[in-house]
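Engineer: This is the structure I want to talk about, given as structure tokens.
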């Protein structure tokens, strides 16, 4: 598969946050929370790779006389577009690390903002992942970027987090035939089962996901933030409240396997992954069918 050289537009270089902002964020986040983010990054790399066969071809002949040839390679670029509704470093990293692990050379983390400052944990998570190209865009700049990418001839993937980012992509990228798009369809609700007061580190969950709503069941414990509520001691009620995400001890997982889309056990409080975000999203693919001789 032919590869083409790609670089992001030069004007984006003016929108990179100052190095000082990253330094302040790194120090203020603290060693414990940085350790959690490093754990998240390491487990995402375990899950996704890193790929050793970043590109390849396969030729097959079928009994019907059909010959096929398929080829795959990393996309020329990836944009992780998110907005200021996203405050979770773990959920952002879960969208970014697969591109890095899949061998995409040109990766841009672009935040659509409306004047709100960067969350320090988000900046630190990007830095810890080794993401070098980070920009803050307003609505007009975001649309300009996507238009220029759409009008180019390069292959790309766009991963979209947040309603503002999704609205911009929906408006600008309808005809982008060489690009793949993905966004999560997850609610921002999660249930937690506390077998005892030490089942989960709720303080870490509050730091990692300040933009989620947590419903706590089981042992009654002190709650770390306003986005947590205690809902009762019954496990059946916990299962009834479950939507997409549950934090459960390993011995309780079986009850939720056919109900939840993401289950996380103790020791995973700082981690996240998107179950339906697959490596193919970050690749370009070509398939040829011919008649065999």
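Engineer: Regarding residue 142, is this residue touching a helix residue (DSSP H, G or I) at 6+ places or on another chain (Cβ under 7 Å) and surrounded by fewer than 23 Cβ atoms within 10 Å (Cβ to Cβ)? Steps first, please.
Structural biologist: Details: touching a helix residue (DSSP H, G or I) at 6+ places or on another chain (Cβ under 7 Å): yes; surrounded by fewer than 23 Cβ atoms within 10 Å (Cβ to Cβ): no.
The answer is no for residue 142.
Engineer: If you don't mind, there's one more thing I want to ask. Within region 146-155, is even one residue modelled with pLDDT under 95, within 17 Å of residue 15 (Cα to Cα), surrounded by fewer than 20 Cβ atoms within 10 Å (Cβ to Cβ) and outside the structural domain of residue 213 (by TED's automatic domain parsing)?
Structural biologist: Yes, because at least one residue in region 146-155 is modelled with pLDDT under 95, within 17 Å of residue 15 (Cα to Cα), surrounded by fewer than 20 Cβ atoms within 10 Å (Cβ to Cβ) and outside the structural domain of residue 213 (by TED's automatic domain parsing).
Engineer: Name the residues in region 127-173 that are in contact with a strand residue (DSSP E or B) (Cβ under 6 Å, 6 or more places away or on another chain) and part of a loop (DSSP other than H, G, I, E, B), would you?
Structural biologist: 131, 133, 155, 162
Engineer: Residue 57 passes all but one of (1) under 22 Å from residue 138 (Cβ atoms); (2) surrounded by fewer than 19 Cβ atoms within 10 Å (Cβ to Cβ); (3) touching a strand residue (DSSP E or B) at 6+ places or on another chain (Cβ under 7 Å); which number fails?
Structural biologist: With (1) under 22 Å from residue 138 (Cβ atoms); (2) surrounded by fewer than 19 Cβ atoms within 10 Å (Cβ to Cβ); (3) touching a strand residue (DSSP E or B) at 6+ places or on another chain (Cβ under 7 Å) applied to residue 57, the lone miss is (1).
Engineer: So in region 111-139, with the set limited to residues that are in contact (Cβ under 8 Å) with a residue 60 or more places away in the chain and more than 18 Å from residue 208 (Cα to Cα), which one is surrounded by the fewest Cβ atoms within 10 Å (Cβ to Cβ)?
Structural biologist: Among those that are in contact (Cβ under 8 Å) with a residue 60 or more places away in the chain and more than 18 Å from residue 208 (Cα to Cα), it is 133.
Engineer: What number of residues within region 232-291 are part of a strand (DSSP E or B) and over 28 Å from residue 129 (Cβ atoms)?
Structural biologist: So in region 232-291, the residues part of a strand (DSSP E or B) come out as 232, 245-247, 262-264, 283-291.
Now drop any that are not over 28 Å from residue 129 (Cβ atoms), which leaves 232, 286-291.
Looking only at that region, the number is 7.
Engineer: Separate question: Looking only at region 210-228, decide whether some residue is out of contact with any strand residue (DSSP E or B) (no Cβ under 7 Å at 6 or more places or on another chain), touching a residue at least 60 places away in the same chain (Cβ under 8 Å) and either surrounded by 17 or more Cβ atoms within 10 Å (Cβ to Cβ) or assigned by TED's automatic domain parsing to the domain that holds residue 31 (or both). Write out each step before concluding.
Structural biologist: If we filter region 210-228 for residues that are out of contact with any strand residue (DSSP E or B) (no Cβ under 7 Å at 6 or more places or on another chain), which is where we start, we get 210-211, 222, 224-226.
So of that shortlist, the ones also touching a residue at least 60 places away in the same chain (Cβ under 8 Å) come out as 210-211.
In the following step, the residues that additionally are either surrounded by 17 or more Cβ atoms within 10 Å (Cβ to Cβ) or assigned by TED's automatic domain parsing to the domain that holds residue 31 (or both) were identified as none.
Checking region 210-228: not a single residue is out of contact with any strand residue (DSSP E or B) (no Cβ under 7 Å at 6 or more places or on another chain), touching a residue at least 60 places away in the same chain (Cβ under 8 Å) and either surrounded by 17 or more Cβ atoms within 10 Å (Cβ to Cβ) or assigned by TED's automatic domain parsing to the domain that holds residue 31 (or both).
Engineer: Name the single residue, out of those in region 197-214 being assigned to a loop (DSSP other than H, G, I, E, B) and over 18 Å from the mean Cα position of the chain (by Cα), that is nearest to residue 252 (Cα to Cα).
Structural biologist: Step one: of region 197-214, the residues assigned to a loop (DSSP other than H, G, I, E, B) are 197-201, 209-212.
In the following step, the residues that additionally are over 18 Å from the mean Cα position of the chain (by Cα) were identified as 197-201.
Values: 197: 16, 198: 15, 199: 12, 200: 14, 201: 17 Å.
So, considering only residues that are assigned to a loop (DSSP other than H, G, I, E, B) and over 18 Å from the mean Cα position of the chain (by Cα), the one nearest to residue 252 (Cα to Cα) is 199.
Engineer: Among 115, 103, which is the only one that is in a loop (DSSP other than H, G, I, E, B) and at pLDDT 90 or above?
Structural biologist: Testing whether each residue is in a loop (DSSP other than H, G, I, E, B) and at pLDDT 90 or above leaves just 103.
Engineer: Sticking with this structure for a sec: Within the bounds of region 261-269, is there any residue that is out of contact with any helix residue (DSSP H, G or I) (no Cβ under 6 Å at 6 or more places or on another chain) and at pLDDT below 95?
Structural biologist: yes
Engineer: Being more than 23 Å from residue 135 (Cβ to Cβ) and surrounded by 15 or more Cβ atoms within 10 Å (Cβ to Cβ) is the filter; apply it to region 12-44 and report the residue that is farthest from the chain's Cα centre (by Cα).
Structural biologist: 33
Engineer: If we scan region 61-72, do we find a residue that is over 21 Å from residue 137 (Cβ atoms), touching a helix residue (DSSP H, G or I) at 6+ places or on another chain (Cβ under 6 Å) and free of Cβ contacts under 8 Å to residues at least 60 places away in the same chain? It would help to see each step written out before you state the result.
Structural biologist: Our first condition is that a residue be over 21 Å from residue 137 (Cβ atoms); within region 61-72, this holds for 61-72.
Okay, now just the ones that are also touching a helix residue (DSSP H, G or I) at 6+ places or on another chain (Cβ under 6 Å), so none.
The answer is no; no qualifying residue exists.
Engineer: For region 27-48, how many residues are within 15 Å of residue 208 (Cα to Cα) and part of a helix (DSSP H, G or I)?
Structural biologist: 13
The values are calculated or read from the model by the stated rules, or taken from the named source; none is laboratory data. Fair warning: this is a prediction, and the values are worked out from it, not measured in the lab. Note that each Cβ is placed from the backbone with ideal geometry, even for glycine, and that neighbours are counted across all protein chains shown.
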